[in-house]
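Quick notes on the structure that follows.
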Amino acid sequence: MSEVVLQMNHVSKNFGGVHALTDVSLTLHKGEVLCLVGENGAGKSTLMNVLTGVVQPSSGEIILHGEPVVIKNPSDAFARGISIVHQELVQMGKLTVAENIFAGRLPTKHGLVDYDQLYKDTEELMDKINIHFDPKAKVRQFSIAQCQLIEILKALSYDSSVIVFDEPTAALTIDECQILYGIIKDLQVRGVSVIFISHRMADIYAVGENVAVLRDGKNSGYGVVSELTEQQIIAMMVGRHMEDQYGEKHNVPGDVVLKVRNLKNNRVHGVNFDVRAGEVLGFGGLIGAGRTEILQAIFGIDKYEGEVELDGKQIHCKSPEEAIKHGISLVSENRKDYGLILKHAILKNISLGILDMTSKHGLADAKTENETAQEFMDKLQIKATDGNTKAMALSGGNQQKVVIARCLASKPKVLFLDEPTRGVDVGAKAEIYRIIDDLACQGVAIVMVSSELPELIAISDRIIVMREGDQVGEMPAKEATEEGIMALCV
């Protein structure tokens, strides 16, 4: 085994009376890719926050290159050769790609920013990594997936010996994932050590050498990736065997609720489909294929031409508010920006779409808000002390369930789910799949966009495949294969 680069020994972290980490240890060797896995709330982020100086441990030690160190803050971590690619992007949209990558380290000449040198340094970095953007382009114009790649460039620009990747593939296309895998393998060859956090088994088996598992803030298991099955890794994560995380489907589709004919705009070209009560219609395709744009158009976010019928009556929603009044709700793929107000309590987030129902004489009715929040917290098994808990304090899976609860509070006839399990752990995914099946059994018509092909096939009744804005195929889910869907996607 190669030399040890990093040891985190017996690390504990308490936040008041909450034990986020208890006696956790981790060892990383030179050139190793160590996959760090666990359910949301297992302590992965807290452990990495300790490593990168965001928080200080309550006890324990960090040994870097054989020397005990105290990492005081993120700048100290960067200086010691530790960088992180965050899942939740921390970028300045009004600045250029180059300015974001080298923020705080801009080259200067005669006291002014040397933009020629900045763009040259950025081009050289992108050539070395084989990720290419216009260095002068503003970051705000790029998609989540593209911004993720820019964040990866930023981390690599520090020439670090240890790089943490926190859910880096959550918003990437299959092709972009392959690029990332290649980057990580190149880092290995160069002797860089990688801690790779992911919920996707495909990631773990694509790049991981070893896997360390956390559960409830404690070490739960460790092993060589090539010697472990998916079920063994999942069992270490959730503390039980999950033979079928998707569960059984019990829904029976009924009459057509939503009918879409020749829907088109500058992103999609003449899309046609029906959705029945109690049916789950899945949309497959690569990121940017037009799946999200279909949902946003019908939901009143984007303009479109064409016909949309709901219960046999034509509608044309010009705003999300109008869509909700018609009985259509949308769970966005980006819950942090478009699904939640993170600083608000659970009950306030759930009430957002039904203020007319939870208010009296124009003022919020605390009793109604609390009763509504508690109803959905019980129904969706949202884990929190009470409805006054802030959304930002919840795990990713519980945040997603709050977004779903807000949509369900408006009692929709049609529910749009855009990447409903993005950034959610295995246990929380199983709960969301149960919720989807329950809703379908209650007669809700569901349209689901998913980039995870096993999920798309297991949860859907029918699947429509999109490519570059065109509808290129449709099939019953029970006849679909991953290879068949991918052939249509590309």
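All of (1) under 17 Å from S160 (Cβ atoms); (2) touching a residue at least 12 places away in the same chain (Cβ under 8 Å); (3) not small (G, A, S) hold for L47 with one exception: (1).
Picking from residues in region 387-397 that are touching a residue at least 12 places away in the same chain (Cβ under 8 Å) and farther than 11 Å from K348 by Cα, the one that is surrounded by the fewest Cβ atoms within 10 Å (Cβ to Cβ) is M392.
Selection of first residues in region 373-386 that are farther than 15 Å from L439 by Cα and open to solvent by 90 Å² or more (accessible area, probe 1.4 Å) and of second residues that are outside any loop (DSSP other than H, G, I, E, B) and at pLDDT 80 or above, restricted to Cβ pairs under 8 Å at least 6 apart or on distinct chains, gives the following pairs, ordered by first then second residue: K383/N398. Among the residues of region 65-80, those identified as open to solvent by 10 Å² or more (accessible area, probe 1.4 Å) and touching a strand residue (DSSP E or B) at 6+ places or on another chain (Cβ under 7 Å) are H65, P68, V69, R80.
When V268 is tested against (1) aliphatic (A, V, I, L, M); (2) out of contact with any helix residue (DSSP H, G or I) (no Cβ under 6 Å at 6 or more places or on another chain); (3) at pLDDT 90 or above, only condition (2) is not met. Within region 118-150, the set of residues being modelled with pLDDT of 85 or more and among the small types (G, A, S) comprises just one member, A137.
For G278, the test of being within 30 Å of G443 (Cβ to Cβ) and within 24 Å of the chain's Cα centre (by Cα) is failed. Inside region 205-222, residues that are free of Cβ contacts under 8 Å to residues at least 40 places away in the same chain and buried (at least 16 other Cβ atoms within 10 Å of the Cβ) make up a count of 2. Within the span defined as region 372-385, every residue fails to be under 19 Å from the mean Cα position of the chain (by Cα) and not in a loop (DSSP other than H, G, I, E, B).
Per the conditions (1) under 21 Å from the mean Cα position of the chain (by Cα); (2) open to solvent by less than 30 Å² (accessible area, probe 1.4 Å); (3) at pLDDT below 95, the sole criterion not satisfied by G53 is (1). Restricting attention to region 182-202, the residues that are in contact with a strand residue (DSSP E or B) (Cβ under 8 Å, 6 or more places away or on another chain) and farther than 21 Å from T27 by Cβ add up to 1. In this structure, is E39 touching a residue at least 24 places away in the same chain (Cβ under 8 Å), open to solvent by 30 Å² or more (accessible area, probe 1.4 Å), touching a helix residue (DSSP H, G or I) at 6+ places or on another chain (Cβ under 7 Å) and charged (D, E, K, R)? Judged against the criteria, E39 is a match.
Restricting attention to region 356-372, does a residue exist that is aliphatic (A, V, I, L, M), more than 23 Å from V447 (Cα to Cα) and modelled with pLDDT of 80 or more?
As a first pass, look at region 356-372 and keep what is aliphatic (A, V, I, L, M): 357, 363-364, 366.
In the following step, the residues that additionally are more than 23 Å from V447 (Cα to Cα) were identified as 357, 363-364, 366.
Filter again for modelled with pLDDT of 80 or more, leaving none.
No, region 356-372 contains no residue that is aliphatic (A, V, I, L, M), more than 23 Å from V447 (Cα to Cα) and modelled with pLDDT of 80 or more.
Residues that are surrounded by 15 or more Cβ atoms within 10 Å (Cβ to Cβ) and touching a residue at least 40 places away in the same chain (Cβ under 8 Å) number at least 3 in the following helices (runs of 4 or more DSSP H) confined to region 223-342: 230-238, 291-298. Only a single item in (1) among the small types (G, A, S); (2) open to solvent by 40 Å² or more (accessible area, probe 1.4 Å); (3) over 18 Å from V424 (Cβ atoms) is not met by A202, and it is number (3). Within region 93-121, being under 31 Å from the mean Cα position of the chain (by Cα) and exposed (fewer than 13 other Cβ atoms within 10 Å of the Cβ) holds for G93, K94, G104, R105. For the residues A487, A405, A430, A391, the requirement of being more than 30 Å from G217 (Cα to Cα) and not β-branched (V, I, T) singles out A487. Per this entry, V54 is counted among residues that are farther than 23 Å from K429 by Cα, free of Cβ contacts under 8 Å to residues at least 40 places away in the same chain and out of contact with any Ser or Thr (no Cβ under 6 Å at 6 or more places or on another chain).
In this structure, E32 does not qualify as of a type outside the set (A, V, I, L, M, F, W, C), in contact (Cβ under 8 Å) with a residue 60 or more places away in the chain, under 27 Å from A202 (Cα atoms) and open to solvent by 20 Å² or more (accessible area, probe 1.4 Å).
The values are calculated or read from the model by the stated rules, or taken from the named source; none is laboratory data. None of these values were measured; they are calculated from a predicted model. FYI the Cβ positions are ideal-geometry reconstructions off the backbone, even for glycines, and counts take in every protein chain you see. For the accessible areas, the whole protein counts, side chains as well, though only heavy atoms, and no ligand, DNA or RNA atoms are used. Shrake-Rupley method; radii C 1.70, N 1.55, O 1.52, S 1.80 Å.
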